[in-house]
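Engineer: If you scroll down you'll find the structure; I have some questions about it.
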Amino acid sequence: MAELCGGSACLDVETIYLGGKEHIVRTGSGSVSVIVYGDPDKPALVTYPDLALNHMSCFQGLFFCPEAATLLLHNFCVYHISPPGHELGAAAICADIPVPSLSDLADQILEVLNYFKLGAVMCMGVMAGAYVLTLFAMKFRERVLGLILVSPLCKAPSWTEWLCNKVMSNLLYYYGICSLLKDCLLYRYFSKEVRGSAEVPESDIVQACRKLLDERKSTNVLRFLQAINRRPDITDGLRTLKCRTLIFVGDDSPFHSEGLHMAANLDRRYSALVEVQACGSVVTEEQPYAMLVPMEYFFLGYGIHKPNRFNGSPRSPLCPTCIAPELLSPESMGLKLKPIRTRLSSQR
């Protein structure tokens, strides 16, 4: 067991994280699986993964990182929402059920929050999941305290992405979760460095992701992919967001330019961009340590610190009393974090 101690506080990470409880919430757009970890009286952190991923394959690396677990699991109750049919052990969704749009999935999040009687929440999303949570924040501003977005999408698909998505759709329809389909998804998720080559073997995280992809039902992945490929451009609505936003994007992500575009169109008084070198799209898995220091500064604005230093009422919304100047400094706004440097600084 991985055990963490901070002051007199001690966190058994595996016990906390693996001891989550699944809830099936019925909504107007179908049933959705929500895995809940932690004390429900604490502030809520809602997560949403990318295509063909769920909380185990998209956020496990971050939450199993000891320093991140100390910060997140101590201060929040975590609600991992899976896209319809992406949860562990999910059955194939009936073909007669209409494919929900990403706007429908954003509305579904509101129903999940109401089911758990949650007020305003912190949100963390990856790629398509970041799009869904951003759209949710636009539609229901009073329900979002802040956004942590990893390689976010905000524009309609480019011709390149649209074509790639069409190829994956055909593979899913005719061949299911085949080897070529996995290669397309792994290109979407990870940098070339960890995907390996003829001379260099795949990294452990890529091999683990391949195995987890085998558990997905191809029809369920296809439905989410169809919704992603029909998404509208939400750039015009970005400046209406008044919640604080922290964007991470990997230099080697195929959506790197999309993340930069989104950061450029947000109100800079409330947002910051962190580019992570030698990393693909799923920073939460490939370089979780690169997220630690920026998240610490981000949460300082809400009065959230490491264990034993959070004294606010856990049920009341967290008021962003100030924006940490370190987060919004010129150095931070255009920062390119080198993973090794970040690991060292996170242990200070």
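The values are calculated or read from the model by the stated rules, or taken from the named source; none is laboratory data. This is a predicted model, so every value here is computed, not measured. Here the Cβ is made from the backbone with ideal geometry for all residues, glycine too, and neighbour counts use every protein chain on show. To get the accessible areas, we keep the full protein, side chains included, count just its heavy atoms, and leave off ligands, DNA and RNA. Shrake-Rupley method; radii C 1.70, N 1.55, O 1.52, S 1.80 Å.
Engineer: Work out the FRET efficiency for Lys192 and Asp41 from their Cβ-Cβ distance, taking R0 = 45 Å, and round it to the nearest 0.05.
Structural biologist: So the FRET efficiency works out to roughly 0.55.
Engineer: Per the Kirkwood treatment, what hydrodynamic radius in Å, one decimal, follows for the stretch 106-164 from the mean inverse distance over all distinct Cα pairs?
Structural biologist: 12.2 Å
Engineer: Something else about it: Per 0.36 nm of contour for each residue apart, how much would the distance between Arg268 and Tyr115 grow if the chain were fully extended, relative to their Cα-Cα spacing?
Structural biologist: Net length gain for the segment: 51.7 nm.
Engineer: Could you put Arg268, Arg216 in order of accessible surface area, largest first, with the 1.4 Å probe and the full protein assembly present?
Structural biologist: Result of the area sort, largest leading: Arg268, Arg216.
Engineer: Oh, and also: What spacing in nm lies between the two simple spin-label points modelled at Ala92 and Thr235, each 7 Å away from Cα in the Cβ direction?
Structural biologist: Reported label-point gap for Ala92 and Thr235 is 4.0 nm.
Engineer: Taking all protein chains as present, what is the carbon and sulfur share of the accessible area of the stretch 204-301, in % to the nearest whole number, probe 1.4 Å?
Structural biologist: Its accessible area is 49 percent carbon and sulfur atoms.
Engineer: Note down the accessible area of Asp41, probe 1.4 Å, to the nearest 10 Å².
Structural biologist: 90 Å²
Engineer: Okay, moving on. At a temperature of 20 °C and a viscosity of 1.002 mPa s, determine how fast the stretch 61-167 diffuses translationally according to Stokes-Einstein, using the Kirkwood radius over alpha-carbon pairs as Rh; express D in µm²/s, rounded to the nearest whole number.
Structural biologist: Answer, rounded: 136 µm²/s.
Engineer: Stokes-Einstein diffusion coefficient for the stretch 209-284 at 10 °C in a medium of 1.306 mPa s, Rh from the Kirkwood formula over Cα pairs: what value in µm²/s?
Structural biologist: 109 µm²/s
Engineer: With every protein chain in place, what's the accessible area of His256 (1.4 Å probe, Å², nearest 10)?
Structural biologist: Roll a 1.4 Å probe over it and His256 shows about 40 Å².
Engineer: Extension gain Leu180-Lys21, at 0.36 nm per residue separation less the Cα-Cα distance, in nm?
Structural biologist: 53.8 nm
Engineer: Going by accessible area, probe 1.4 Å, with all protein chains left in place, what is the ranking of Tyr173, Tyr302, largest first?
Structural biologist: Reading off the accessible areas and sorting them downward yields Tyr173, Tyr302.
Engineer: While we're on this one: Classify the stretch 149-256 as rounded, prolate or oblate, taking a ≥ b ≥ c as the square roots of the eigenvalues of its Cα gyration tensor: rounded when a/c is under 1.5, otherwise prolate if a/b is larger than b/c and oblate if not.
Structural biologist: Oblate shape, in that a/c is at least 1.5 and b/c is the bigger or equal ratio.
Engineer: Run the numbers for Arg210 and Tyr173: contour at 0.36 nm per residue of separation, minus the present Cα-Cα distance, in nm.
Structural biologist: 11.4 nm
Engineer: Moving on to the next point. Sorting check: for 104-115, 277-288, which peptide has the highest mean count of neighbouring beta carbons within 10 Å, and how do the rest follow?
Structural biologist: Top of the packing list down: 277-288, 104-115.
Engineer: For Lys211, give me every one of the lysines with a C-alpha distance below 22 angstrom, ignoring sequence neighbours fewer than eight places off in its own chain.
Structural biologist: Cross-link targets: Lys182, Lys192.
Engineer: I've got another one for you. Using a 1.4 angstrom probe, figure out how much accessible area the stretch 221-301 has per residue, in square angstrom, rounded to the nearest whole.
Structural biologist: Per-residue accessible area for the stretch 221-301 comes out at 30 Å².
Engineer: Is any residue of the stretch 66-82 close enough, with backbone N under 13 Å, to a label point placed 7 angstrom from the Cα of Lys306 along the Cα-Cβ axis, and if so, which?
Structural biologist: Residues passing the 13 Å test: 66-72.
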